[in-house]
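Below is one structure, written out as C-alpha cells; comments come after it.
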Amino acid sequence: MIKEAICVSICAETADEMKRRALEAAEVADLIELRLDCLNADELPNILASLSFPKPILITRRPVEQGGHWIATREKRIEFWKDMPRHITPDGIKCFFDIELDISSALHVHGDGFVISHHDFGGVPDAIDILFEEMNGGDSISKIAWKTDDITDTIPFVHLVEAARETNRWVAPIPMGECGKWTRILGPALGAKLTYSSFEAGGETAPGQVTAKDLRDVYRTNELDDDVDICGIIGGNTSYSMSPFMHNAAFMENRMNAVFVPLQMSDIGAFIERMVSPETREVAINFKGFSVTIPFKSEIIEFLDIIDPAAAAIGAVNTVKIENGKLVGYNTDAQGFIEPLAKKIANLRDMKVAVLGAGGAARACIQSLTSAGCRTTVFARDIAKAGALTEDFGVALRRLDKDSYGDFDIVVNTTPLGTKGAHQNESIADASQLSGVKLAYDLVYNPQDTKFLAEAKTAGCETLGGFEMLLAQAALQQKIWTGLDAPIDAMRKAALGRLG
Ligand code: NAP
C-alpha cells in the first residue's frame, strides 16, 4: 500500500506527450495518474506498451458521465478493464487502477492496487456515508469526489477521513472547486490517502486542484500532520490572494507546524457556526486564525467574541485570532497603510489628503490618516452611500469627478481601478488632475506599476504602490497569530515571486 500521497493527474492527447509530462511530474509526484480518457483513441496501445516510470502509476479511463472524456457503454467499460492485465508495468513499479463504483462489482475488484471511485458533479452525494460503506473493498482506496458551492460542502470530507481512520480503511474524499481547495492541501495530514494535483497551473483535470509543486513548496503538504495549526483567508474569491504565499513563507521561516490555506465561501455565518464555533461546529478542525477579505470584512464582526477597539472604530476586521475557542477581531489594514506612508513623509500632521473611493479599505485609511493629524477629504462617486462613512470619521466629502487635486499634498486611490484584469488600463485620475500633488499612493498592488502611478509620475509626484501595505498588514497579522516578529524578507520574496 502506498503511503499518503500527492497524486499528479496527467491528461494529454498523445502517448508521447503523456509520457513526457508524466516523467516531468515524477519529480514532484508520489503517484502519477495517467488519464487514458484524454488520449486520442489510436494512442492508447502506445502508452500501455511503455509504462516505465520512476514512480508508481495510477491508470484511469474516466467515462463522460463521471467527468472524463471517454464515451463508452457500461459493457464496453467492463470489457476494457477485464482485458487489462494486472501486471503491465516493468518490474518493481507499482501500478494502481481506478475503477468507477458502478462497474466495480461486475469486475469483482477490491483490495490493494485499486481505487474505487465515484464522482458527483451535482453537489454532495446523498447519503455519502452509505456510499462509502458500499465502496469498502479491503485495502482498496475509496475515492469520492463532489462539486462544492460553499465551504460547508467540505464537512463530509472531515467525516469521511474520521470514519476511515476509525475502521482502518483508505479514503480519498475530494470536494472539488475553489471552496474545497483547503482539503486538497490538508488531505494527507488529516488522513486522506491521496490528494490529486495538477503538474502545472492551467493543467488541472478537476476544479480546485493545486499544482504539486505548490503543495510541496508552498504548503508543505507532505510534511504536515494532524496537529498542524490551520490559518486561512476567508473570502468570496480567494483564488487571486497573495496571503497564502506570504503566510506560508513566514510559517516555514519560523519553523512552525502551521499552514495557511484559501477558505473560499459564500456564507460566512454557516462557516462560523458549522466549522469554527466550538459550541456548534460539526468538525474538529484546528483553526487558529483568519485573514478576512472582500466581502466579509464588516460581516465578520457579528460573529466575533471580542473586537479590538481600533477595528471597532474602523468598522472592519481583516484579522481574526482564535484563542481558547473565542474569536478575536483586529484590523491590520490601518497600520499597514500608514507604515509605508510614514516612511515617505515623516510628519503627516496637517497634510491635506484626498482619499478617492469610500469602501472598506478607505475606512482603514481614513482612521489612520485622522489619527496622524491629516486633514482628509473623501471623494466618492456615490455621495449618498459615502455619507455614512465620512460622518463616522468627521471628514469632508466631495463628489468624484474630473477636478484637479492640485490643492492636496497626498492623493490615495482606494478604488480597484488599475487592478489586473478588466480595469488594468484605467486610472481614477490623470496626470493633469495630479499635477501639484506631493505624493500619490495607490492601494492596488497587482500589478505593482499601475496606470494611476504612471499618471502620477508624469505629473511629477512621488509615488507609493500598494505592495508595501500588503506586506505590512500581513506582517502584523503574523505577529497577532504567532506572537513572533514576521520574517519580512521571506514574505516579500514569496509575494514578489508570484506578482513578478
Ligand atoms: P470596496 O469595499 O469594494 O470599495 C471600493 C470603492 O471603490 C467603493 O467606494 C467603490 O464605489 C469605489 N469604486 C469602484 N469602482 C469605481 C469606479 N469605477 N469609479 C469610482 N469609484 C469606484 O473595496 P476595498 O476593500 O475598499 O478595496 C479597494 C481596493 O484596495 C482593492 O483594489 C483592493 O485590492 C485594495 N486593497 C489593497 C490593500 C493592500 O494591502 N495594498 C488592502 C486592502 C485593499 P461604490 O461604493 O460606489 O461601488
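The values are calculated or read from the model by the stated rules, or taken from the named source; none is laboratory data. Bear in mind that the values here come from a model prediction, so they are computed numbers and not experimental data. Counting neighbours? That spans all protein chains shown, and the Cβs are built from the backbone with ideal geometry, glycine included. Protein only, heavy atoms only, side chains kept; ligands, DNA and RNA dropped before computing areas. Shrake-Rupley method; radii C 1.70, N 1.55, O 1.52, S 1.80 Å.
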Subject >> Hits in region 168-208 - residues which are farther than 24 Å from residue 257 by Cβ, in contact with a strand residue (DSSP E or B) (Cβ under 9 Å, 6 or more places away or on another chain) and among the small types (Gly, Ala, Ser) >> reply: 177, 198, 201, 203, 206, 208
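A quick yes/no check of all residues on (1) open to solvent by less than 20 Å² (accessible area, probe 1.4 Å); (2) farther than 28 Å from residue 350 by Cβ; (3) more than 15 Å from the ligand (Cβ to nearest atom):
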site: 389; (1), (2), (3): yes, no, no
site: 394; (1), (2), (3): no, no, yes
site: 405; (1), (2), (3): yes, no, no
site: 418; (1), (2), (3): yes, yes, no
site: 440; (1), (2), (3): yes, no, no
site: 454; (1), (2), (3): no, yes, yes
site: 467; (1), (2), (3): yes, no, no
site: 484; (1), (2), (3): no, yes, yes
Original post:
Does at least one position in region 423-436 carry a residue that is of a type outside the set (S, T, N, Q), within 16 Å of the ligand (Cβ to nearest atom), out of contact with any helix residue (DSSP H, G or I) (no Cβ under 7 Å at 6 or more places or on another chain) and more than 23 Å from residue 347 (Cα to Cα)?
Top reply: yes
Subject >> Scope region 375-387; condition touching a Ser or Thr at 6+ places or on another chain (Cβ under 9 Å) and buried (at least 24 other Cβ atoms within 10 Å of the Cβ); matching residues >> reply: 376, 378
**OP:** Please specify each residue of region 240-255 satisfying the condition of being out of contact with any strand residue (DSSP E or B) (no Cβ under 7 Å at 6 or more places or on another chain) and open to solvent by 10 Å² or more (accessible area, probe 1.4 Å).
**Re:** 240, 242, 245, 249, 252, 253, 254, 255
**OP:** Could you tell me whether residue 326 is open to solvent by 60 Å² or more (accessible area, probe 1.4 Å), more than 19 Å from residue 272 (Cβ to Cβ) and of a type outside the set (S, T, N, Q)?
**Re:** no
Original post:
Looking at 345, 383, which one is away from the ligand (no atom under 15 Å from the Cβ), over 19 Å from residue 475 (Cβ atoms) and not small (Gly, Ala, Ser)?
Top reply: 345
Subject >> Residue in region 14-48 that is surrounded by the most Cβ atoms within 10 Å (Cβ to Cβ), counting only those that are among the polar types (S, T, N, Q) and over 16 Å from residue 84 (Cβ atoms) >> reply: 14
Original post:
Among helices (runs of 4 or more DSSP H) lying entirely in region 168-274, which contain 2 or more residues that are among the polar types (S, T, N, Q)?
Top reply: 243-253
Subject >> When residues of region 109-137 are limited to those that are β-branched (Val, Ile, Thr) and not in a helix (DSSP H, G or I), the one nearest to residue 96 (Cα to Cα) >> reply: 115
**OP:** Tell me which residues, restricted to region 309-339, are part of a helix (DSSP H, G or I) and either in contact with a strand residue (DSSP E or B) (Cβ under 6 Å, 6 or more places away or on another chain) or hydrophobic (A, V, I, L, M, F, W, C) (or both).
**Re:** 310, 311, 312, 313, 314, 334, 337, 338
Original post:
Can you find even one residue in region 325-340 that is within 21 Å of residue 452 (Cα to Cα) and among the hydrophobic types (A, V, I, L, M, F, W, C)?
Top reply: yes
**OP:** Test each condition in (1) open to solvent by less than 50 Å² (accessible area, probe 1.4 Å); (2) assigned to a helix (DSSP H, G or I) for residue 98 and report the one that comes out false.
**Re:** (2)
Original post:
Looking at (1) within 12 Å of the ligand (Cβ to nearest atom); (2) touching a residue at least 24 places away in the same chain (Cβ under 8 Å); (3) open to solvent by 60 Å² or more (accessible area, probe 1.4 Å), can you tell me which one residue 366 breaks?
Top reply: (3)
Subject >> Output for region 462-482, where each listed residue is over 24 Å from the mean Cα position of the chain (by Cα) and without any contact (Cβ under 8 Å) to a residue 40 or more places away in the chain >> reply: 463
**OP:** With the condition kept exactly as written, say whether any residue in region 341-356 is within 22 Å of residue 437 (Cα to Cα), out of contact with any helix residue (DSSP H, G or I) (no Cβ under 9 Å at 6 or more places or on another chain) and assigned to a helix (DSSP H, G or I).
**Re:** yes
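Residues checked against (1) at pLDDT 90 or above; (2) out of contact with any Ser or Thr (no Cβ under 8 Å at 6 or more places or on another chain); (3) of a type in the set (Gly, Ala, Ser):
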| site | (1), (2), (3) |
| --- | --- |
| 31 | yes, yes, no |
| 45 | yes, yes, no |
| 50 | no, yes, yes |
| 56 | yes, yes, no |
| 69 | yes, yes, no |
| 80 | yes, yes, no |
| 114 | yes, no, no |
Subject >> Verdict on residue 289 being more than 16 Å from the ligand (Cβ to nearest atom), farther than 26 Å from residue 393 by Cβ, in contact (Cβ under 8 Å) with a residue 12 or more places away in the chain and loosely packed, with under 15 Cβ neighbours inside 10 Å >> reply: no
Subject >> Where residue 163 falls short, out of the listed (1) out of contact with any helix residue (DSSP H, G or I) (no Cβ under 7 Å at 6 or more places or on another chain); (2) open to solvent by 20 Å² or more (accessible area, probe 1.4 Å); (3) not in a loop (DSSP other than H, G, I, E, B) >> reply: (1)
